[in-house]
Amino acid sequence: MMSRNRILYFTYYLIIFFLVFEILFAKKNAFTVFENFENITNEKQLLSSKIKELDDYNRFIKNFESIEEFQRIIIKDKLFYKEDNEIILRY
């Protein structure tokens with residue numbers, strides 16, 4: 001009876017040792033998991049900044065499509081467009 005208990009304890013400790021060894025020293029260990037959590041939070045912050053940038057661009061496009069004065073200002077600014085009654089001075 002005593003030897004059976006020793007064998008059970010030995011197998012129990014062997015399994016526990018193996019699991020702890022795998023958690024700490026395997027390729028996908030606990031430290032990698034924590035680094036991945038940090039990477040995920042960094043990527044979430046980057047994604048939220050990109051979403052804000054996308055919202056700004058969508059707002060700009062919506063204004064460009066709906067407001068005629070806004071269109072004129074943007075076309076003049078970006079394409080150097082001049083109307084017939086305007087004079088452009090070049091340096």
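Could you tell me whether LYS28 is of a type outside the set (Asp, Glu) and in a helix (DSSP H, G or I)? It is false that LYS28 is of a type outside the set (Asp, Glu) and in a helix (DSSP H, G or I). May I ask you to verify whether PHE60 is modelled with pLDDT under 85, under 31 Å from the mean Cα position of the chain (by Cα), of a type outside the set (Gly, Ala, Ser) and surrounded by 11 or more Cβ atoms within 10 Å (Cβ to Cβ)? Spelling it out, it is not the case that PHE60 is modelled with pLDDT under 85, under 31 Å from the mean Cα position of the chain (by Cα), of a type outside the set (Gly, Ala, Ser) and surrounded by 11 or more Cβ atoms within 10 Å (Cβ to Cβ).
Yes or no, residue by residue, for (1) exposed (fewer than 10 other Cβ atoms within 10 Å of the Cβ); (2) under 30 Å from the mean Cα position of the chain (by Cα):
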{"residue": "TYR13", "(1), (2)": "no, no"}
{"residue": "PHE18", "(1), (2)": "no, no"}
{"residue": "LEU24", "(1), (2)": "no, yes"}
{"residue": "ASN36", "(1), (2)": "no, yes"}
{"residue": "LYS50", "(1), (2)": "no, yes"}
{"residue": "ASP55", "(1), (2)": "no, yes"}
{"residue": "GLU68", "(1), (2)": "yes, no"}
{"residue": "ILE75", "(1), (2)": "no, no"}
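May I ask you to say which residue of LEU24, LEU47 is touching a helix residue (DSSP H, G or I) at 6+ places or on another chain (Cβ under 9 Å) and aliphatic (A, V, I, L, M)? Let's see the steps before the verdict.
Values: LEU47 fails: touching a helix residue (DSSP H, G or I) at 6+ places or on another chain (Cβ under 9 Å).
After applying the criteria, what remains is LEU24.
The values are calculated or read from the model by the stated rules, or taken from the named source; none is laboratory data. Computed from a prediction, not measured in an experiment: that's the story for all the values here. Every residue, glycine among them, receives a Cβ derived from its backbone with ideal geometry; neighbour counts consider all protein chains shown.
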